[in-house]
Every structure is written in structure tokens, then in C-alpha cells.
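Below is one structure; the comments refer to it alone.
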Amino acid sequence: MESGKILNDKWIKASIIGTIWAASEIVLGSFLHNLKVPFAGNLLTAIGIIILVSISYIWKEKGLFWRAGVICALMKTISPSAVIFGPMIAIFSESVLLELSSRLFGRTIVGYLLGSMLAMSWNLFQRIFNYIIFYGFDIVGLYTSLLKYAEKQFSIPIDMVWAPIILLLIIYCLMGILAAIIGIRVGRRLPERSVTEAQPFKKASLQAGKKRDNNFNYSLVWLVIDILLIPASLILINSTRFVIWIVPIVMVAVVWSLRYKRAFKQLLKPKFWIFFVVITMLTAYIFTRVSPGSNSLIDGLMLGMQMNFRAVIVIMGFAVLGTELYNPVIRNFFLKTSFRQLPVALELSFESLPSMIASIPDLKTVVRNPGTVFYSILSQTEARLEEIKNELKRQNHVFIVTGATESGKTTTIKGIEKILAANNINVSGIISERILEDGITKGYVVINIKTGERIPFLNVDGANTGDHIGRFIINADGLAEGRRILSEAASSDCRVIIIDEIGRLELKDGGWADELITIVSSTDKHLVITTRDTIAEEVVSRFNLRRHTIIALKENDIESAGRKITDFLINEKNNTWSS
């Protein structure tokens, strides 16, 4: 199976847009939320709308909005603020709504205005949905009863139930219209702006976005358990009495708190406990007024407790799922799907994020002339697109020949080397050849591709007291010589380096691990490596082989494998980036 795909321009552009959007969310979002600025979420949504609408006057491809939304939502997870699914869902939903409107009505003023109103209004509806998810439909009854009680107390002649929601919806729509107008004005002037001042991307990556608690023991079993616990707990709370569900629900919360620090932190927020007390007291008070009786106070308190413990399960449940979903096994799964370009585009975004954040002006400039900020950042996107594409063309690509043990990987790699040489492609590296005696593998030698020299590497000679890999003993001199050959190849003028093979030894940081890391991270030379099909995904993940193509021997012979590699190298100038 061939898993490598060219990262098309659409995903690169979405990466740039999503990174700009994420930079504003991370920097301005933390600032606005920490200062408790009213309508902070709407201001951030407005910025996102302006970015998307403006950039559409330069890049007109369909599907850019939702792709940028996916990237921004995923990058939002590195924000200093406590982030769960809420903000990520909001960002993605806003981008999808704007995408749908622009598809239905075209890239027109009507399409932008309607899409912006829908995107901005999503904040209101998501907040309502969140309350219903957290507290159940009882929160709707509490809201309705509270307003009905206010109508009665103040003798208000009109139905007030919908009035606050309608008023907020009008405000949100007006904010969406204003954001769309600004985006249209900025977008119309962008093609006229100079792009000569664009700054080069920094290669430094934001490690906070790549490392999520490396010491955490991810578990697919726990992921399944957590998924089952959430609905089971909610059903238990909704269908049984307080005395029955309180103990198991508290036990679930305790177990989650012990395993997931992130889940426990959600319960330490003062805002949660303020809501806990307010909702419990309000429920008890409204119950005694709407349904007077001897048990109304107790019933109201129990209903309030039920709503709050439901919120505990939902809030903690989202946090624990968010933790387990960072499992590398799950991330690697997406590399096999139609979304396999997404992780590559996301890596690119994380590498670009530091320079994007650095390009955001100081607060004084933003306040005095916000329009200038959008012009100065967005007018550089075309130049940055070309810069990224040129940089990615210079980066190396890894072809991974996979097969079972003794399936002919070495024979294939020898054939590939001959095909490359026949096409005048300069190749260096090493080939590991088996030593057979009466059909039994007695060891391996390392062959220097350049000189043909054969160096003893692995053997089953009990007299040798070197390190072991399986039943074989490593020849220290052979290992050192193989490393020297690869190090010299990395600094030579060769175009392709062959390493046969990468296995369990390298996954444990032995063998050719250091040389492979150096070649991938510090050179522009392409690699052809072999590995067993059962550990191919581990090799890709361990050595961060983002730009790779897997060539499975069960689907390719020597000729087809060699042709795929030579075709890529011959047409390299036209290749943007492979994953």
C-alpha cells in the first residue's frame, strides 16, 4: 500500500490561514478572557470572520474555510487557557457555516453577510446547547419558570421567555454583519498591497503543541471505558433517586480525578462552584414558588443537585476524552484515512506559529488602528505561501519498503539501487545481507553501497560478548563502520541514502537510529529504508517521518517499487510536499 500523498496547495493555504486565526485566538483570546472582557468570544469570532472573508479575495478555492477551521481548532489546544471541546467545536462550526453560505450564495456580499451572521450567532446557540448538555432539559424548565415568576411578580403583560434570546440574537447578528463588512473592505484592498515585506517563516516549532504529557499512560481500553461511563452515568442520574446514584457518580468522579489531572482541574475552577450554588438555590426557590407543598424545598434541592452532578460528569467526561484522544495510536490511525494530510498540515502550522505570533503588533497598535493589523498580516500570505512551497521542495522524502521477515526486502532494495544508478541518481548507504548456512541465517553483513565492502555486523557466534538483538550478537566494529558510512553519506553530494534495515534495535535508540534522525532532520537527502510491515507505523511515529511513502512488497515488485521512486525524483521540482 502506498500511503504517501502530495500535500496540495489547498491544505498549505488552509495551514497559513488557520495559523493566523489560531495566533489571534491564542494571544488575544487569553488576554480578553483574563480581563473578563464582555463578549470576548464574539470579538474572537469577529476576528476569525474578518480573516476568512478577507483572504477569500486572494485565494478563491472551495473548502479553504472549513480546513482552516479544523487547523485553528486543533491548534487552540495549546492555548494557555483551560481548553476543552467547546472552543474547538465553536471554531470549526463557525468556519463550516461561513463555508456553506459562500457555497450557496457564492463569494458575494450576500454570502459573506449571511455566513457571518450564522457564524457569529453560533456562539449563542452553542452556549444554550452547552447548558442543556451540562444540566439536562431541567435547565430549560428552570429558565422558563424563573421568567414566568418574574412576569408575575412585576406584572409584565408580555411573554418574556423568548425576549432575552431574541435580543441577544439581534446583537450577535449585528456583530456578524459588522465583521463581514470589515472583512470585505480589507479583502478588496489586499490584492493591491505589497507583499515584499513578508518575513520568512521560523523553523522553530512550538513544542507545547507537540508534546502532551509524555509520561501519561495512554490506553485504548480506558478510552472505551470512559466513553461508556459518560452515558451510563447520565442515565443513572436521570432515571434513579439521589440516594442510589450519588455513590457511584462520586466514585466515577474520583477515579477520573486520580487518572486524569486535567479532569480534576475542571472541578477547581471557582466559576463551576459559583454556578453549582446558584443553580441549586435557584431550583429550590423556584420549586417552592411554582409548586408549593411540604416537600417542594427538598424536591427543588434534589433537582438542583441532579443538574449539577450531571454537569460534573459531562465536564469531566469531555476532559478525560480529550486526554485519551491524544494517544499516538489514534493519531497514527488518521494517517491511513482521507484526513492523512491533516496531521502534515498541522505540523506545518505548529512550525509557523511562533513567527505568526511574533508578527502580531502590540496592543496599542491594535487599539489605535485595527485595520492596519489585518493589512500588515494578511498582505504577506501570498509571499509566505511561495516561501513555504519552496522550503518544502528542499526537504527530504522517505520511501519505506515493508514486508514480512525473509520476504525479500534486501533483494528489493538491491534492485532499487540498481534502477536508481541506471537513472544517474547518486546513491550512498548500507545494505544488510544475510549469511546463510544450510538455509539457516547465521548472521548479517553490512555492505557499503559505494565501495561494495562487506563488514561483519550480526552473528550467532557465542564467543562474541557484544550487545544482543534477539538471538544475534552485535559486532561493535561493524556497527561503528556502518555509522561512519551513513555519516559520510549525510555530508556527501549523494541524492539518496539507503538504510537496510530499520528494526527493533533502532526503535530502542540503537543501531542506525542516530544517523536516521540526523539525515531526516538536518539534510535534504531522500531516503530509502526497509522495515518489517508489523512495525512500519512505529518507525514512522518514532522518527517523525512526516514526508513518507510506504511501498509494501505484497503489492509491489522490484520494477514497480523502483519506478515509483525514480518518478518522484525525476519530477521532484514539481512536488510540493509528501506525507
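Since every read-out is calculated from the coordinates, none of them should be taken as a lab result. Just so it is clear, the structure is predicted and the values come from calculations on it, not from any experiment. Here Cβ is always computed from backbone atoms with ideal geometry, including for glycine, and neighbour counts include all displayed protein chains.
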Self-check item: Per-residue Cβ neighbour rank within 10 angstrom, fewest leading, 555, 382, 506
Solution: 555, 382, 506
Quiz item: Of the trypsin sites (Lys or Arg not before Pro) in region 398-481, which ones lie in a loop per DSSP and count no more than 14 other C-beta atoms within 10 Å?
Solution: 471
Quiz item: Amide H to amide H, which residues 5 or more places from residue 442 or on other chains are under 5 Å from it, using H placed in the peptide plane?
Solution: 435, 436, 437
Exercise. Rank the residues 441, 549, 451 as a footprinting-exposure proxy: fewest other Cβ atoms within 10 Å of their Cβ go first.
Key: 451, 441, 549
Exercise. Provide the descending list of Cα extents for region 394-574 along its principal axes, expressed in whole angstroms.
Key: 54, 32, 32
Practice problem: Return 21, 512 ranked ascending by Cβ neighbour count within 10 Å, so the fewest neighbours appear first. | Solution: 512, 21
Quiz prompt | Above-threshold pairs, the threshold being 26 Å between Cα atoms, out of 409/442; 409/525; 13/261; 414/442; 76/261 | solution = 13/261
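Can you compute the FRET efficiency between residue 189 and residue 27 using 1/(1 + (r/R0)^6), with r the Cβ-Cβ distance and R0 = 22 Å? Round to the nearest 0.05. Walk me through the numbers before you get to the answer.
Numbers: r = 24 Å, r/R0 = 1.10.
Rounded to the nearest 0.05, the efficiency is 0.35.
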